[in-house]
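The numbers here are math on the coordinates, done by the rules we state, and not lab data. The model shown is predicted, which means the values in this text are computed figures rather than measured ones. Please note: Cβ atoms are built from the backbone with ideal geometry, for glycine as well, and neighbour counts cover all protein chains shown.
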Amino acid sequence: MNHSEINRGRNVIYNFLSKSLWDIPDSNYMSMFEDLHLYIFELLNNSDNEDLRRAGETIMIFRKDNMLQEEKSQDEVILDLSKEYTRLFYLGVHSVPVCESAYLSPMKAYMQEPWEEVKKVYAENKFMPENKGNKPEDHISFELLFMSFLSQKASIEAEQNEYSELTYIYQKQQTFMEEHLLKWVDDLCEKILSICVKENSLYAGIALFLRGYLHEDYKFLRDMTL
């Protein structure tokens, strides 16, 4: 098993999912989407996980109906996605919270105990995301970016044959999943899917991708830390 290559792939996927839910998409995001689409489709379509297969089908339909239409410019695609992102996460009647505290804190409010906990984990691992803006550290994009950050470190350790440190990183990721991501991401994804009505919704595809990938990656981490 080539752990360096595996973790390069994990880094890419977590980074893509993080950027997909970070904010209203721009031309840089669309370029990343196009650069990665073949890799993503291969991963999703060859999976035995139902969520990942459905994600592949949904994202493929989105690309066919939007990116591959000659009469539709990239600016028009971005405008449509911006409207959907805003409706889902900002202004909709049933807008979806994207921070852990809103799901797990007793008050269901932002910047509560889970926020304090993830900030501590980030500090312990010297994880300092750039361009934070006004988003809390327990925003889904930050938690996914933290997994990307650790996957990149794992790839480097594997290249240097530092397998004890590699295992330690896997243990950190498993713990972070158990104590944070896996406790709330299923609810997040279900809320997104309940609001997305179009079969070609990119965000429905991203929600299925996120839910399926987290559960499959957790199985990988659990096997690596036995």
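Considering the dipole of segment 116-193 built from charges on the beta carbon (Lys and Arg +1, Asp and Glu -1) around the Cα centre, which of Q173, F146, V185 is farthest to its positive end?
Ranked along the dipole, the leading option is F146.
Taking the Cα centre of segment 101-162 as origin and charging only Cβ (+1 Lys, Arg; -1 Asp, Glu), how large is the dipole, in debye to the nearest 20? Don't jump to the answer; show the numbers that get you there.
Working: 7 positive and 11 negative charges, 55 e Å.
Roughly 260 debye, rounded to the nearest 20.
Any idea how far the Cα center of segment 171-198 sits from the one of segment 110-131, in Å?
So the separation of the two Cα centres works out to 17 Å.
Would you mind working out the magnitude of the charge dipole of segment 115-198 relative to its Cα centre, with +1 at each Lys and Arg C-beta and -1 at each Asp and Glu C-beta, to the nearest 20 Debye?
Details: 10 positive and 16 negative charges, 69 e Å.
Here segment 115-198 has a charge dipole of around 340 debye.
Kindly put F146, F41, F33 in sequence by how many other C-beta atoms sit within 10 Å of each C-beta, fewest to most. Let's see the in-between values first.
On the way: F146 24, F41 16, F33 21.
Listing F146, F41, F33 from fewest to most nearby Cβ atoms yields F41, F33, F146.
First measure r as the distance between the Cβ atoms of N28 and Q69, then evaluate 1/(1 + (r/R0)^6) with R0 = 22 Å and state the FRET efficiency to the nearest 0.05.
On the way: r = 21 Å, r/R0 = 0.95.
E between N28 and Q69, to the nearest 0.05, is 0.55.
Be a star and scan segment 135-165 for residues whose amide nitrogen sits under 18 Å from the point 7 Å along the Cα-to-Cβ vector of E179.
Counting backbone N atoms under 18 Å from the label point, the list is 137-140, 142-151.
Restricting everything to alpha-carbon atoms, can you work out Rg to Rh for the chain with a Kirkwood hydrodynamic radius?
Working: Rg = 17.4 Å, Rh = 18.1 Å.
Using only Cα positions, Rg/Rh for the chain is 0.96.
Set the Förster distance to 35 Å, then compute FRET efficiency between F41 and K119 from the Cβ-Cβ distance, nearest 0.05.
Values: r = 36 Å, r/R0 = 1.02.
Computed FRET efficiency for F41 and K119: 0.45.
Charges at C-beta only: +1 for Lys and Arg, -1 for Asp and Glu. How large is the resulting dipole of the chain about its Cα centre, in Debye rounded to 20? Walk me through the numbers on the way to the answer.
On the way: 24 positive and 39 negative charges, 69 e Å.
Its charge dipole is roughly 320 debye.
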